[in-house]
Each structure stands twice: as C-alpha cells, then as structure tokens.
Amino acid sequence: MLARGKRGGCARARISRTETAISCMLLLLMAGIGVAIYAKGQIYDPSLYRPELTALSKQAPTEAHPVESRTDQPASAGAQMPAPGVGTQPASPPGLLDNLAPTGWKPLENVTHFTADTLYEKIDGRAEEYLDYKFVGLTCVSLVNAQDSKQFIDVYLYDMGQPAQAFGVFSVERTEGLPAVTLGREGYRAEASYFFWKGRYYVQVLGSGKGAAIEQIGLNVARTLEKRLKDDGKPLWGFKALPEKDRIPGSIQYFVKDAMSLDFMKETYIALYRKGDAKVTAFLSKQPSGETAAKTLASYEGHMKKYGKVAEKRETDAYTLISADMGGAFDVVFRKGNLIGGVSMVEDLSMAEKAALDMLAGLRDKD
Amino acid sequence: MDRREFLKRAAGAGLAIAGSALGAAWLYDPRGGAEYFRSEENKKTASLKSYRVDRGKGAVEMTVVRGKDPEKMMRAGIQAMGGIGSFVQKGDVVLIKPNVAFDRAPALGATTSPDVLKAVALLCKKAGARKIIVADNPINQPEGCFFKSGIQQAAADVGAEVMLPKPGAFSLVKIGGEILKTWSMFHRPLEHATKVIGVAPCKDHNLCSASMTMKNWYGLLGGRRNQFHQQIHTVIADFAQMIRPTLVVLDATRVLMQNGPTGGRLSDVQEADTLVIGTDMVAVDAFGYTLLGRDPEKLEYIHKAEARGLGSTKWKEQNWREVLAG
C-alpha cells in the first residue's frame, strides 16, 4: 500500500527484519551503557579524583629512574597533597645506581627515587632529619644474592645538595667506635654495612647480615659507587676553622640546628679534643652576620644564666668571651665578628678558658 | 503519512520523551558533586569494635619473659596470663599486626622478628584459630618489606595469610581521637578479624623517642600520614583510643637502641632477649621504654594516653609477672 502525501512516494511501508534487529541491538546497547554508567556512579573511588603528580612534571621518569610515589591509598578528607610538580624529579645524574650488582647478585627491583615530598614513604619517621639538612633526593636499589634470596644489600644514595649537608647527616648518624673505612671523604663500617659521604652525596650500603663474604660484597658495591660520585675535594669550612691539635679523628659533627641540644645554636661544627685525660667538646658556627652572631651570643649568655652561673664576661675590641659554671662543668663561649665558638661541659675552668682562647687565636691566624 | 499514523508516532515520541524526563528526574541528585561524595564517604565510615576479652578481676595483665627461644618464651608468658585459651578460641580469625614498616633484614631490629611472629601465630593455631591474618601497611613497596623482613616467610611457615595493603582494602574509620577524628585505614584485615594481636619491635624513634606497641598501629593508617609527625605524641595516644586489641606483644628480643626507626647498623642493635606481653598497651610501653635505658616519666605519649584513661604507666602497680623461659 502506498502512503499518501507529498513525500508519500519515497516512504517505505515495510521495515526489513535485519533493520529491526539492528535497531533493537542499538537500543539494547544504549540501555546497557546507561546501566553501566549508573552502576559505576554508585562506586566512589577517590583515586579517580586525585591529580597524577608525575604527569604534571615537565619530564617523564626514565626507565632507570622511575618516580616511585604510591598514591593508591585512599586519602581522607584531611589529607594534604603535595604541590603539583614540586620536587618530583630525581636531582642526581641518572644511572649512578645502574649495574651495581657484582657477579652472582642481581637487582631485586627497579631503581627507585624519592623527593623531599615523598621521602617519608621510604624512611617514615626519619625523613625529617634529612629534610632539616636540605635533602634533595634519594635514589635506592636493592641487590639480592642470586643463590640465596635471604642475602641482600640495599643501597641508599642521598643527594644532600651541598657537601656540608651530606657531611652533616653522615656525622650525626655515626655511632661512636665503629671502624673507619677509606671510602669517599670519610666512611665507616658496621658489620656488613658501609656509610660514607662524598661531594653532595651521603651513601648507605646496608648488608642484610654478618659474615666476611657479605662484608666483602658490600665493600665492592660501595667502592664501585664511590668511583661514580663527583667531588670537588674542597675542604669544608668547619674542618679548616676548628683547631687540628689534639682533635680526636672522626669526631667532627655538623648540626644544622639544635647543636648541643641548644635550639639557638644553628649551623654549628662540633669536635672532640683530648686534653690530657680529659675530653673537651669544642664548637664553632659561622653566622650570617655579626648582628646574628651577637643575638646568638646573647641567647647563649641567657642559657648560662638560667642553668648555671656566669663566672666572667670579657669584652675586647676583637672579641667577647663569657665563661660560666654550669653545675660542676664549665662552658666558655665567644663571639668574634660573625663567628660563635667555644667549649662546653669541661671539668676545669682554666682548661676550658685556655681551649677557647686557643681557638680564638687560631681563628685570628686564619683571618 | 495519514493523520492516524501521525498521531501514533507523535504519541510514541511523547512517551519516549516523558520516560527520559522521568528517568532523569529519578536519577537527579540535588546535593551536587562535592556534597554527594562527602555523604557517600560518611556512609562508608567504619568504626572499630573492641577486640578485648573479659578475663575477670585479678587476671594477670602483663608478663615480662626472659629467654632465648621466642617460641618457649611466648608459651611461658601466655601461660602465666592464663593460657592462650583465655584470649583465642576455636574458630577465631586472628589478625596479627607486626611492624613491617621498612625493607630491612630482621637482624637490624627495625621490624618485628619473624621468629616472634611465628611463635604468636603457632599459639593461636594451637588455640584453634580458624584463620590467621598477618597485615601491615608499609607505605613503600609492601612486598619488598614483607620479603626482606622475613615476615612473609614466617607467615607462610605457619600457614598464616599475608594481607597486603591493596587500594580496595582501605576504608574511612571513625577514630574519635584528639587529632585523628576520621581517617583512611587499612581496614580489611580488621573487618575479618575476631581477635587482634599487635606484635611490635622495641626501638628508638627519631621523632617520638620510642616506637613500641602503641606506635605500631600507626602502620595501619593510609593517606599521607607523615603530616601527623608534628603532633606525634598526641596521635600515638589516639591509637590507644582507636583500637582495643586482644593482646599486645613487645618484641624486645633485639632492641634498636639508636638511629631508629629505620636503623641500618647492627652496632645499634642490642640483644635484650625479652618479650613483654600484655593487655594494657600503656603499661607495656612504659616497661618497654626502660629496655631502651630511658625513663618512662619522660615518654610523653604514654602519659597522654594515661590522662585519657586508656591505660596505666604504673605497671608495677598492676598484676604482672616475670617469667624465665628457655
């Protein structure tokens, strides 16, 4: 039967079965998509709404340095996200930890990298100490004995930005009495673990157990890595400025804050000296300006008055020197220009004053 | 097209439009995106039940066990507290929460000793536990941490299931602490468990001075948990509020005396050959702190927890025993 109307001649009276079947399938497909969208909408996945930080950084992570940052755990409403693009790239030259495995050993996993923002993921609870020392990046690799998977060596390469910061964190973590090892600028061994600093890097090579074999493997790994690290070899200021005479080797430490547990003592070098039978702790800090140094000296004097008794305050054109009895032991502190130095907790006042004056004289020579 | 045909088609189209409009109205949520997701989160906020068991008055609350063999030590310690049957019954699902925070070898003392974990799991098995789950949330590479710490092998040796922190295993949990109100937690193992036992190493900690049984629960937190470091003592006290475990075990077979919580030097580890088993985390930690050679009077978080009535630092005044085991 023909349809009536102007376009009746073009209209079809019948629709083929194939066309009907295709139409039904399309309708079913649309209904299916609708149901799927609805079902998906019922499952709340916060990770879908979290920015992918690595995608925001300028440079994609390389195979040798995949950016390791787990963001797959649901964060609560209160969780803070790091600023996009901040510190998401490895600062160290790539490849420093590649092919470190000696014969018979292999990497357990890919080299991983952590920034200031993600360091806590690797060393939660300890990260703050490194951040105080202006930490830049951590690159890690784990090597495992191909014959015995219980034996492994973890390599931690901390890029601290500056040699002083690398030395600082190395020095404050060092346990007294451990054997020194010729590695980098300074190194030591604790059973099969090695610790050293070189240039801007602080390195830990941690063996999983005891024994001569793993000790040797650890040392080989440490030596291989040491050769790859650049260092201009310039001595640190504190090493030159602190007197060398009677200094106990390996006793220098560098604190960015809270030296001698005093919250006003910042960026301070400390060293131990043997004076006869006694040990003397000497400290020296280069402050940003003479004014800051004067403030630090005032804080030190306040500390002496609060916890001890000031014995003498000497002021000359060149320096100010204060000595105090801190309850059976003596502190002497001086200020010369923008330098603050002195000795702490010395058994004898005259010994304390002599040690402090010797330090002052040495500084004068170096000036 | 005739008039009849036109009307039929117009009616069909009208019905389709009306149907779509009704469907859209049914699906429409007037709350808007942010509010919708917030309320969805609230709906899914879980609460933790208490896993404690009532053992009646006069029960021994803490034992300090000295010895060399963790299995014998655990047996003797629990026996002094009334036997494992007082804590775990047949058919229980027991969650053992070790500290596997770092990918360190057991000898370095930064993680729970696999031998101690095994000893606890064996006792639970003996009591007839239907299932033993071992779970922790090391933020970085959990597989590596479980492998290197020896916990994975220890769990396998005793037929316990290691539950790794997969994304779907986290839920928002109402904690109700001073700082931790509601937070994302590795909740799945807690959902399954009928009993919970914390097994924590005794170690120095850079931020809170010592990491022991209370601090151990920090390992179940998800999200960006390092933000709590500024108020860590209050947050650790919040854990005592958050969870009431069946039992806690302080693993002081090795004690990491300095450079914690990560360690890395065998020279920092001291063999203390001690286990402290108890039901009051505050008391166990107060005693544990002495094993680090420190004065419990100066450990802030145990006093904060005590002030909230969550335990007692005066372990000497509690019903406690000291036991020597092989």
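The values are calculated or read from the model by the stated rules, or taken from the named source; none is laboratory data. Everything numeric in this text was worked out from a predicted model, so none of it was measured. Every residue, glycine as well, gets a Cβ built from its backbone with ideal geometry; the counts of neighbours run over all protein chains shown.
Scanning region B:174-181 finds no residues that are touching a residue at least 12 places away in the same chain (Cβ under 8 Å), within 26 Å of B:Ala105 (Cα to Cα) and basic (Lys, Arg). Screening B:Ser267 against (1) under 22 Å from the mean Cα position of the chain (by Cα); (2) surrounded by fewer than 21 Cβ atoms within 10 Å (Cβ to Cβ); (3) of a type outside the set (Asp, Glu) leaves a single unmet condition, (1).
Within region B:246-263, if we keep just the residues that are under 25 Å from B:Gly67 (Cα atoms) and part of a loop (DSSP other than H, G, I, E, B), the residue that is farthest from the other protein chains (Cβ to nearest Cβ) turns out to be B:Thr246.
Restricting region B:220-237 to residues that are modelled with pLDDT of 90 or more and surrounded by fewer than 24 Cβ atoms within 10 Å (Cβ to Cβ), which is farthest from B:Ser312 (Cα to Cα)? Filtering region B:220-237 for residues that are modelled with pLDDT of 90 or more and surrounded by fewer than 24 Cβ atoms within 10 Å (Cβ to Cβ), the one farthest from B:Ser312 (Cα to Cα) comes out as B:Ile232.
Taking region B:123-135 as the range and being among the basic types (Lys, Arg) and either in a helix (DSSP H, G or I) or at the interface with chain A (Cβ under 8 Å from one of its Cβ atoms) (or both) as the test, the residues that pass are B:Lys125, B:Lys126. Condition check for B:Gln89 on (1) crowded, with 20+ Cβ neighbours inside 10 Å; (2) over 20 Å from A:Gly125 (Cα atoms); (3) polar (S, T, N, Q): one failure, at (1). Select from region A:117-137 the residues that are out of contact with any Gly (no Cβ under 6 Å at 6 or more places or on another chain) and assigned to a loop (DSSP other than H, G, I, E, B) and write down the one among them that is nearest to B:Phe102 (Cα to Cα). Restricting to residues being out of contact with any Gly (no Cβ under 6 Å at 6 or more places or on another chain) and assigned to a loop (DSSP other than H, G, I, E, B), the top hit is A:Asp124.
Within region A:162-183, the only residue that satisfies the criterion of being away from chain B (no Cβ under 14 Å), in contact with a Gly (Cβ under 8 Å, 6 or more places away or on another chain) and either more than 19 Å from A:Ala116 (Cβ to Cβ) or buried (at least 24 other Cβ atoms within 10 Å of the Cβ) (or both) is A:Ala166. The numbered conditions (1) facing chain B (nearest Cβ under 9 Å); (2) in contact with a strand residue (DSSP E or B) (Cβ under 6 Å, 6 or more places away or on another chain); (3) closer than 29 Å to B:Ser209 by Cβ are all true for A:Leu138 except (1). Filter region B:121-135 down to the residues that are surrounded by fewer than 22 Cβ atoms within 10 Å (Cβ to Cβ), free of Cβ contacts under 8 Å to residues at least 60 places away in the same chain and either of a type in the set (Ser, Thr, Tyr) or on the phi < 0 side of the Ramachandran plot (or both) and list them by number. The answer is B:Leu122, B:Lys125, B:Lys126, B:Ala127, B:Arg130. Among the residues making up region A:145-185, those that are of a type in the set (Asp, Glu), under 21 Å from the mean Cα position of the chain (by Cα) and either modelled with pLDDT of 95 or more or closer than 23 Å to A:Trp105 by Cα (or both) are A:Asp154, A:Asp159. Put simply, of A:Asp154, A:Asp159 the only residue that is at the interface with chain B (Cβ under 10 Å from one of its Cβ atoms), charged (D, E, K, R) and surrounded by 20 or more Cβ atoms within 10 Å (Cβ to Cβ) is A:Asp154. With respect to B:Pro138, is the statement that it is in contact with a Cys (Cβ under 8 Å, 6 or more places away or on another chain), touching a residue at least 12 places away in the same chain (Cβ under 8 Å) and either surrounded by fewer than 20 Cβ atoms within 10 Å (Cβ to Cβ) or within 9 Å of chain A (Cβ to nearest Cβ) (or both) true? In short, yes.
Would you be able to tell me the number of residues in region B:288-313 that are touching a helix residue (DSSP H, G or I) at 6+ places or on another chain (Cβ under 9 Å) and either of a type in the set (S, T, N, Q) or not in a helix (DSSP H, G or I) (or both)? Residues that pass the stated criteria total 8. Every test in (1) over 29 Å from the mean Cα position of the chain (by Cα); (2) among the polar types (S, T, N, Q); (3) under 22 Å from A:Asp348 (Cα atoms) is passed by A:Thr316 save one, and that test is (3).
Which one of the conditions (1) away from chain A (no Cβ under 14 Å); (2) small (Gly, Ala, Ser); (3) buried (at least 21 other Cβ atoms within 10 Å of the Cβ); (4) in a strand (DSSP E or B) does B:Ala240 fail to meet, given that it meets all the rest? It fails just one condition, (4). When we screen B:Val60, B:Val100 for residues that are crowded, with 23+ Cβ neighbours inside 10 Å and in a loop (DSSP other than H, G, I, E, B), the only hit is B:Val100. Against the numbered list (1) farther than 19 Å from B:Arg66 by Cβ; (2) touching a residue at least 40 places away in the same chain (Cβ under 8 Å), B:Gln230 comes up short only at (2). Checked against the criterion of being in contact with a Gly (Cβ under 8 Å, 6 or more places away or on another chain), of a type in the set (Val, Ile, Thr) and within 23 Å of A:Gln165 (Cα to Cα), the candidates A:Val333, A:Val256 yield just one match: A:Val256. Consider B:Lys118 carefully, then state whether it is among the charged types (D, E, K, R), in contact (Cβ under 8 Å) with a residue 12 or more places away in the chain, away from every other protein chain (no Cβ under 14 Å) and buried (at least 24 other Cβ atoms within 10 Å of the Cβ). Answer is no for this residue.
Annotation note: Cβ proximity below 6 Å between a residue of region B:1-26 that is of a type outside the set (Gly, Ala, Ser) and a residue that is assigned to a loop (DSSP other than H, G, I, E, B) (sequence gap 6+ or interchain) occurs for B:Met1/A:Gly5. B:Asp204 - would you say it is buried (at least 19 other Cβ atoms within 10 Å of the Cβ), away from every other protein chain (no Cβ under 14 Å) and either touching a residue at least 24 places away in the same chain (Cβ under 8 Å) or within 20 Å of A:Thr175 (Cβ to Cβ) (or both)? So B:Asp204 does not fit the description; no.
Of all the criteria given as (1) at pLDDT below 95; (2) surrounded by 14 or more Cβ atoms within 10 Å (Cβ to Cβ), the one not satisfied by A:Asp263 is (2). On the stretch given as region A:189-206, residues that are at the interface with another protein chain (Cβ under 9 Å from one of its Cβ atoms) and more than 15 Å from the chain's Cα centre (by Cα) total 5. Candidates are the residues of region B:157-199 that are more than 16 Å from the chain's Cα centre (by Cα) and within 13 Å of another protein chain (Cβ to nearest Cβ); the one that is modelled with the lowest pLDDT is B:Pro167.
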